[in-house]
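This report refers to the structure that appears directly beneath it.
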Amino acid sequence: MDAPDENMEERRLVLDCAMQAGTILLKNGAEIFRVEETVARICSHFGVESEKAFVLSNGIFLTAGSGQEPFYAKVQHIPVSGARLDRVAAVNQLSREIAEGCFTPAEVKRRLDEIEHMPEKSDRVKVLASAVGSGCFCCMFGGSPLDCLGAFLTGFLLYIYVLKLFTPHLSKIIGNIGGGALVTVLCLLLCRMNLGESINYMIIGSIMPLVPGIAFVNGVRDIADGDYIAGSVRLLDAILVFVCIASGVGLVITIYHGLTGGWLL
């Protein structure tokens, strides 16, 4: 009796690992097909053939069970959040190594726990990346060196706002409206201080750290793959962010135009 019980426990551990891997992928910005493929690959390698997974943009439903395999059912809610592509890459690499027979289920569980707790980049790195990215995007869109400098400074201050105020205290809607407004105010001030020449290029470059490009692209890819519900949710979430950012920018420009008659615009 011990062998069947041990076999049953191992199969449940495999299913738990598959669910955890799928959760990490979906939570950190992976596409729906990638989540389904990884779950199926882990289960298939360890001999769980009755696995059925239904994946949405904010949840995974995983079931298994037959005459030869234990019944299993689990639902995991996953809030729509940002992307951590380092975790996605780590799970992808782990699934390849599993397919090559490099790990036991217990080792897979331990490795997934390590991936789930991978440390984030420091706040200094994030702020610097935002500043450099803003300056580079401004240059790419046609801004002058002075515009790029202004976008660099704006991107630097923007991500301090994101880390200290937006993320811990504000909702997505209010935070993105505030971010768009903050970028516009800073760009206007820098232009009036002669630290920028084209406010359009400066604003466009500076708001890029707020733009959910991964979510938008993944939404399009999910729809193209036939996952219409998940793709629509991701697209709607991305479009909501776009609208909020544009609202913040437009609000400040409207107020500024009314107060100054559009000087610098």
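The values are calculated or read from the model by the stated rules, or taken from the named source; none is laboratory data. Quick caveat: nothing in here was measured; it's all calculated off a predicted structure. With ideal geometry, Cβ positions are generated from the backbone for all residues, glycine too; neighbour counts draw on all protein chains shown. These area figures cover heavy atoms from the full protein model, side chains too; ligands, DNA and RNA do not enter into them. Shrake-Rupley method; radii C 1.70, N 1.55, O 1.52, S 1.80 Å.
Counting other C-beta atoms within 10 Å, and keeping those with at most 12, which DSSP coil GluC sites (Glu not before Pro) do you find in the range 107-206?
On the way: sites: E107, E114, E116, E120, E197; in loops: E120, E197.
Here the sparse-neighbourhood loop sites are E120.
Rounded to the nearest 10 degrees, the angle from helix 32-45 to the longest Cα principal axis of the chain is 20 degrees.
If the elastic network links every pair of Cα atoms under 10 Å, which of C138, C191, C148 fluctuates the most in the Gaussian network model of the chain? Judging by the Gaussian network model, the answer is C191.
Between P209, L236, A21, the Cα set farthest toward the positive side of the dipole of the chain (charges on each charged residue's Cβ, about the Cα centre) is that of P209.
Taking each DSSP H run with n ≥ 4 as -39500 (n - 2.57) and averaging over every residue of the chain yields -22500 deg cm²/dmol at 222 nm. Of A73, Y161, L149, which is farthest towards the positive pole of the chain's charge dipole, taken about the Cα centre with +1 and -1 on the beta-carbons of Lys, Arg and Asp, Glu respectively? It is L149, whose Cα lies furthest towards the positive end.
The mean sequence distance of close C-alpha pairs (under 8 Å, at least 6 residues apart), as a share of the length of the range 2-115, puts its relative contact order at 30 percent. Excluding ligands, DNA and RNA, the accessible surface per residue across the chain is 52 Å² with a 1.4 Å probe. Measure off, as a whole percent, the carbon and sulfur share of the 1.4 Å-probe accessible area of the chain, all protein chains present. Carbon and sulfur atoms account for 63 percent of the accessible area of the chain.
The chymotrypsin sites (Phe, Trp or Tyr not before Pro) found in the range 67-174 that occupy coil by DSSP, while having at most 12 further C-beta atoms within 10 Å, are F71.
A simple charge model with +1 on the Cβ of Lys and Arg, -1 on the Cβ of Asp and Glu and nothing else charged puts the dipole of the chain at about 1180 debye relative to its Cα centre.
For the chain, take the longest principal axis of its alpha carbons; what is the angle in degrees between that and the long axis of helix 213-224, to the nearest 10 within 0 to 90? On a 0 to 90 degree scale, this one is about 50. Applying both filters, DSSP loop and at most 13 other Cβ atoms within 10 Å, to the GluC sites (Glu not before Pro) of the range 1-101 gives E49, E100.
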